[in-house]
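The values are calculated or read from the model by the stated rules, or taken from the named source; none is laboratory data. As the structure is a prediction and not an experimental result, all values here were calculated from the model. When we count neighbours, we look across all protein chains shown, and the Cβ atoms used for this are built from the backbone with ideal geometry, even at glycine. These accessible areas exclude ligands, DNA and RNA; they are computed on the full protein's heavy atoms, side chains included. Shrake-Rupley method; radii C 1.70, N 1.55, O 1.52, S 1.80 Å.
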Amino acid sequence: MMTHPNFDQLKDRLAGIVPEFELEAKFELAREILELKREKNAVILGHNYMEPALFHTIPDHVGDSLELSRVAARTDAEIIVFCGVKFMAETAKILNPGKTVLLPSTKAGCSLAASITAEDVRRLKERFPGVPVVTYVNTYADVKAESDVCCTSSNAVAVVESLASDTVIFLPDEYLARNVARETGKRIIFPTLDEGAPGELGYEMIGWHGRCEVHERYTVQDIEDVRRMFPDVVILSHPECSPEVVEASDFAGSTTAMIRYVEKTSAPRYLLLTECSMGDNVMAAYPDKEFLRLCTVRCPHMNQITLEDTLSALKLGRHVIEVPEDVRVRAATALERMIAIGPSGKRD
Ligand code: 13P
Ligand code: SF4
C-alpha cells in the first residue's frame, strides 16, 4: 500500500522532473481524487508507466501487470480505478467481476493488444491442433478466452516451462516470444495462417508478429552509442525490446523487475530502455543514483491517463469496463493459471 506525500514532500521528490507551478495544480487534483476515492470506497491501481505527478500521488498500489492483476483479484473495494491501459482494466474485471472497474480514458489502448483477434487465435488452433496457447496479458478479453494460459513479462519463461508440451503457441509479441525462445532454448517459427496443415512439428514455439510500439524503437546502435560515452553504464531493458537489444543489455525484466534491480545494485549509472515516465518515476524514487536518459519514447496509450480524467472517472463513474460473461469465464481460467505461477526474473 502506497503512502501519499504532502505537497512539500512531493515537491522535493519531483524537483527537476515536474515544474513547481504544474505540481501545485496537480497536487490539488490529487487531493480531490483521494477524497472522492475514500467517499466511494474505491481503490486506485497505477501502472509503473503513469506520469510522475499521478504515479506519486494517487495510487494505493503501483506495480507491473502481474502485481496489479494480483491486487485487483483480491481487493474488497467496491470500485477499481485502473490508471493503466484497457487490457489491464479488463484483466481486473475478469478476475474480480463483482467490482465496478473504471478506466479514466477510452483512448488507452496498446499496439500489442491491437495486433491480434480472437479469430486469429481460433485459426492458429485449427492449424496446430492440440498445441497449448500461451497469451501475453497485453491482449483483449476475447483473445485471452481462446487461450490456455496467460503470462506477463515477469513470468513468461516460467509459464512456458510449466507446460507439459514440447510445442507452444506464444502470442502476440514477436520480440517477447523470441526472448523467451532464446532463454528456454526453444526453436521458434512465425507461420502464416493460410499455409496447409503442418507435418511433423520441427520447432517448439509458434509466434505472432505483434510489437510494442514503444520498445521496438530501441536499437543496438543506441546501446553502443551510450556505452561508448559511458563505459560504466548498466543498461536495463524490457523483454518487449528486440532480442538483439536484450542481448546487448545487462539485465532484462518486467517494469518492476527493473525497479528492483536498480534498488538492489549500486552501479555508477543506469540507463532504462523502457517507457520514459517510468524513467522519471525511478529517478524520483532513487535520488542518490545516477540515470542517463534516452527519452524520446513515451507510450501514447499510457499517456492518455491524466489526473483530470481520473477525477472525472470517479465523479461520473466512467468508463465502465464490461466483459461478456461467457468470454470472462474462459479468460478467467487462463488468467488464474497465470496468477498461480509467480514472477521469474531474467538474466540476473
Ligand atoms: P509490465 O508487465 O512489465 O509492467 O509491462 C507492461 C507493459 O505494457 C510494458 O510495455
Ligand atoms: Fe502496449 Fe507498449 Fe504501451 Fe505497454 S508500452 S501499453 S506494450 S504500447
Can you give me the number of residues within the stretch 274-286 that are in contact (Cβ under 8 Å) with a residue 40 or more places away in the chain, assigned to a loop (DSSP other than H, G, I, E, B) and either more than 20 Å from the chain's Cα centre (by Cα) or more than 16 Å from ligand 1 (Cβ to nearest atom) (or both)? 0
Any idea which of (1) more than 15 Å from Ile206 (Cβ to Cβ); (2) open to solvent by 10 Å² or more (accessible area, probe 1.4 Å); (3) assigned to a helix (DSSP H, G or I); (4) not aliphatic (A, V, I, L, M) is the one Arg123 doesn't satisfy? (1)
Matching residues in the stretch 39-81 (within 16 Å of ligand 2 (Cβ to nearest atom) and either farther than 24 Å from Ala331 by Cα or outside any helix (DSSP H, G or I) (or both)) number 12
Counting only residues that are over 27 Å from Phe87 (Cβ atoms) and touching a helix residue (DSSP H, G or I) at 6+ places or on another chain (Cβ under 7 Å), the stretch 23-58 contains a total of 3
Output the number of residues of the stretch 1-53 satisfying the condition of being under 15 Å from Thr310 (Cβ atoms) and among the hydroxyl-bearing types (Ser, Thr, Tyr). 1
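Identify all residues within the stretch 225-266 that are hydroxyl-bearing (Ser, Thr, Tyr) and assigned to a helix (DSSP H, G or I); write none if there are none.
Step one: of the stretch 225-266, the residues hydroxyl-bearing (Ser, Thr, Tyr) are 237, 242, 249, 254-256, 261, 265-266.
Scanning the stretch 225-266 gives Thr255, Thr256, Tyr261.
Given the condition within 13 Å of ligand 1 (Cβ to nearest atom) and in a strand (DSSP E or B), answer yes or no: does some residue in the stretch 102-113 qualify? It would help to see each step written out before you state the result.
Within the stretch 102-113, the first condition is being within 13 Å of ligand 1 (Cβ to nearest atom), and the residues that meet it are 108-113.
This time we only want the ones that are in a strand (DSSP E or B), so: none.
No, the stretch 102-113 contains no residue that is within 13 Å of ligand 1 (Cβ to nearest atom) and in a strand (DSSP E or B).
Could you list all residues from the stretch 126-148 that are among the aliphatic types (A, V, I, L, M), within 16 Å of ligand 1 (Cβ to nearest atom) and open to solvent by 10 Å² or more (accessible area, probe 1.4 Å)?
Of the residues in the stretch 126-148, the ones among the aliphatic types (A, V, I, L, M) are 131, 133-134, 137, 141, 143, 145.
Then keep just the ones that are within 16 Å of ligand 1 (Cβ to nearest atom); that gives 134, 137, 143.
Those that are among the aliphatic types (A, V, I, L, M), within 16 Å of ligand 1 (Cβ to nearest atom) and open to solvent by 10 Å² or more (accessible area, probe 1.4 Å): none in the stretch 126-148.
Being assigned to a helix (DSSP H, G or I) and in contact (Cβ under 8 Å) with a residue 40 or more places away in the chain is the filter; apply it to the stretch 8-24 and report the residue that is surrounded by the fewest Cβ atoms within 10 Å (Cβ to Cβ).
Of all residues in the stretch 8-24, those assigned to a helix (DSSP H, G or I) come to 8-13, 20-24.
Pick out the ones that are also in contact (Cβ under 8 Å) with a residue 40 or more places away in the chain and you get 10, 13.
Numbers: Leu10: 22, Arg13: 19.
Within the stretch 8-24, the match that is surrounded by the fewest Cβ atoms within 10 Å (Cβ to Cβ) is Arg13.
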Looking at Leu314, Leu271, which one is touching a strand residue (DSSP E or B) at 6+ places or on another chain (Cβ under 8 Å) and either assigned to a strand (DSSP E or B) or farther than 29 Å from Lys37 by Cα (or both)? Leu271
Under the condition of being over 14 Å from Gly46 (Cβ atoms) and more than 14 Å from ligand 2 (Cβ to nearest atom), which residue from the stretch 297-313 is most open to solvent (accessible area, probe 1.4 Å)? Glu308
Expected output for the stretch 295-306 (first residue of a type in the set (Lys, Arg), partner within 11 Å of ligand 2 (Cβ to nearest atom), Cβ below 6 Å, 6+ apart or cross-chain) is Arg298/Cys276
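One line per residue, one yes/no per condition, for (1) touching a Phe, Trp or Tyr at 6+ places or on another chain (Cβ under 9 Å); (2) basic (Lys, Arg); (3) without any contact (Cβ under 8 Å) to a residue 40 or more places away in the chain:
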position: Lys144; (1), (2), (3): yes, yes, no
position: Phe230; (1), (2), (3): no, no, no
position: Pro243; (1), (2), (3): yes, no, no
position: Ala252; (1), (2), (3): no, no, no
